[in-house]
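Below is one structure, written out as structure tokens; comments come after it.
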Amino acid sequence: MMKKNIGPITAGFPTPVVLAGTTDAAGRPNLVTLAWVGVCCSEPPAIQISVRPDRYSHAAITERGAFSVCVPSKRHVDETDFCGIVSGRKYDKFALAGLTLEPGPELGLPLIAEFPLCFECRLVHTFTVGSHDLFVGQIVSCMAEESALDGRGRPESGKLDPLVFMPGDGYYGLSPRIAPGFGVGRRFLPGKGNDGDGRTS
Ligand SMILES: Cc1cc2nc3c(=O)[nH]c(=O)nc-3n(C[C@H](O)[C@H](O)[C@H](O)COP(=O)(O)O)c2cc1C
């Protein structure tokens, strides 16, 4: 297979897409769509988001020292896109997108009642990377829609039905699970055979 160097670009790298909730100095809630995001630590549990300094949300995050992260389902694609094309400087995105504000239990941050999974994060690190500042938030609460949980009380992918973003392209959904994690790769272990996920070789 022949590869070609197509330059230092981000296109083609799948990312999550979330809405971060903030409050400004006057206490006004706002939402911003972000795709440069991800889980970045397990202990303590933490999420990183990257925000350009000219976004209205940027100052709100640094001033308040906290932000929320709400995970949309596929059915929220219009609301997700909308919150990424207008600014909270000018518009009340909650009202215009018909989203209901639910205050978070720990920090009172704006969460979205209609979205199945929302985190409250306390800002613990800020790194200037270049065009974007990277904020690391320690998760202090996770509010999950009960109907999106499995029997063990953990969020279930099929029920969350999350959006995936392809930079330079658009929004996609998840396809059905291909394999469980931390299992199928075991078949490459010397002497283990093809038994990683319970299948026999
Ligand atoms: C799919 C999508 C992903 C985006 N990802 C980011 C991002 O990761 N970081 C960022 O600073 N802006 C991102 N944006 C742009 C902001 O959401 C947009 O500039 C927004 O209007 C800023 O809102 P605010 O001024 O109310 O903070 C994204 C927009 C879209 C539609």
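The values are calculated or read from the model by the stated rules, or taken from the named source; none is laboratory data. Quantities reported herein were computed from a predicted structural model and do not represent experimental measurements. Using ideal geometry, Cβ is built from the backbone for each residue, glycine included, and neighbour counts are taken over all protein chains shown.
Points to keep in mind about this one:
- Of all residues in segment 9-28, those satisfying the criterion of being part of a loop (DSSP other than H, G, I, E, B) and over 16 Å from Met166 (Cα atoms) are Asp24, Ala25, Ala26, Gly27, Arg28.
- Yes/no for Gly27 being on the phi > 0 side of the Ramachandran plot and of a type in the set (Gly, Ala, Ser): yes
- The residues on offer are Ser131, Ser141, and the sole one that is of a type in the set (Gly, Ala, Ser) and surrounded by 13 or more Cβ atoms within 10 Å (Cβ to Cβ) is Ser141.
- Filter pass, Gly88 being modelled with pLDDT of 95 or more and at positive phi: no
- Residue satisfying condition, being surrounded by 16 or more Cβ atoms within 10 Å (Cβ to Cβ), within 13 Å of the ligand (Cβ to nearest atom) and either small (Gly, Ala, Ser) or not assigned by TED's automatic domain parsing to the domain that holds Asp24 (or both), within set Ser87, Ser68, Ser57: Ser57
- Residue pairs meeting the criteria (Cβ under 6 Å; at least 6 apart or on separate chains; first outside any loop (DSSP other than H, G, I, E, B) and more than 16 Å from the ligand (Cβ to nearest atom), in segment 165-194; second of a type in the set (Asp, Glu) and modelled with pLDDT under 95): Val184/Asp197
- Residues located in segment 159-201, provided they are among the β-branched types (Val, Ile, Thr) and at pLDDT 90 or above: Val164, Ile178, Val184
- So Glu102, is it in a strand (DSSP E or B), of a type outside the set (Gly, Ala, Ser) and surrounded by 14 or more Cβ atoms within 10 Å (Cβ to Cβ): yes
- Among the residues here, Gly181 does not qualify as surrounded by fewer than 17 Cβ atoms within 10 Å (Cβ to Cβ), in contact with a Pro (Cβ under 9 Å, 6 or more places away or on another chain) and more than 23 Å from Arg55 (Cβ to Cβ).
- Flag for Glu156 being under 27 Å from Arg75 (Cα atoms), modelled with pLDDT of 95 or more and among the acidic types (Asp, Glu): no
- Residue list for segment 29-45, restricted to those being part of a strand (DSSP E or B) and either surrounded by fewer than 18 Cβ atoms within 10 Å (Cβ to Cβ) or within 10 Å of the ligand (Cβ to nearest atom) (or both): Asn30, Leu31, Val32, Thr33, Leu34, Val37, Gly38, Val39, Cys40, Cys41
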